[in-house]
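The numbers here are math on the coordinates, done by the rules we state, and not lab data. These numbers come from a predicted model, not from an experiment. All Cβ positions, glycine included, derive from the backbone under ideal geometry; neighbour counts span all protein chains shown.
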Amino acid sequence: MKSYTAITYLLSVGVVATAFQPSTVSRQVLRPVKTQAYKQSSTSLLSSAAADEDVATIQILMSDTGGGHRASANALRDAFNVLHETEPDRFPLKIHCDIVDIYTDYGPFFPYNQYVALYKIMAEYSFLWKWFYEFGSTPLGLWLNENALELSCFEPFQDCLTRNPFDSSKNDKRADMVVSVHPLCQDLPLKILSSLDSNGASRSEGRVTPFVTVVTDLGGAHPTWFNEGVDKCFVPSDVLKKAAMDRQVKENQIVQYGLPIRRGFWRFGADYTGSPEEQDEATEMEGVHHKPTIRESLGLKD
């Protein structure tokens, strides 16, 4: 049975592989969660596709409002895959990720199911973006967004969070862990998980399903990124660490770890078996060879 410590350990090792290397964090095994909150699926936590072996499952919540959220979700999925491939003694379980655009796929009506189209319009007319962003950052805007989402989307988003990670047409098995890579995927999913884990007794207490936010913005972030109820909040910079703390996220909940990057820019590929020093330079991933060009184009010097 995996614990909160084990799952956050896994994320801290694999979430942002700037160069894939072994971690010095204590070794713990990731196991599928089996708690009272999972009564509806306790008899068969794994799908038929994985019935003969344990598989840890992670649901990654995002929305295609810009390219960065799905790219980050894909980078996380690939990192989790590599952990099992390259270090089976430390990570004996395969890790299956279910990436879902929760607004497009589960938004009940306009505007929630049209966020992607609306984003493109606001990106074209920057004054609209500026107004919505700034108003949405005010106490009134945050309150309106939180309450409108809960009133309109609680039940459809609950369908998302209870969907089978291996078969989205079924709601008989839940993911072992939830990761958000989008600013509008904190407040309501946390309430839904509390409700599910407490058998409907509370929307604010009783959550046992691990929930982690991975902030994909670098120099500035909307307040909705940060919720004090998360287990861990991964941020890429000092500025966003402060922003998280300003939103009452405690320092021990925050991990400053960079941004997720796609597999092509990792230092070592999935066939890495030895220490970094033992790797021939020719076997390094293509992204490393672009490093001088990227730094030069940005006007950076070593």
### Distance violations [Cα-Cα > 22 Å] among Lys94/Lys173; Lys191/Lys250; Lys170/Lys232
Lys170/Lys232
## Note on the structure
Cβ-Cβ cut-off under 11 Å around Asp187, Lys and Arg +1, Asp and Glu -1: the net charge is -1
### Query
Using a simple spin-label model with points 7 Å from Cα along the Cα→Cβ vector, what separation in nm is obtained for Tyr133 and Asp246?
1.4 nm
#### Entry: region 47-130 shape via C-alpha gyration tensor axes, a/c threshold 1.5
oblate
#### Entry: Chain lengthening between Ser169 and His222 when straightened (0.36 nm per residue, less Cα-Cα)
15.8 nm
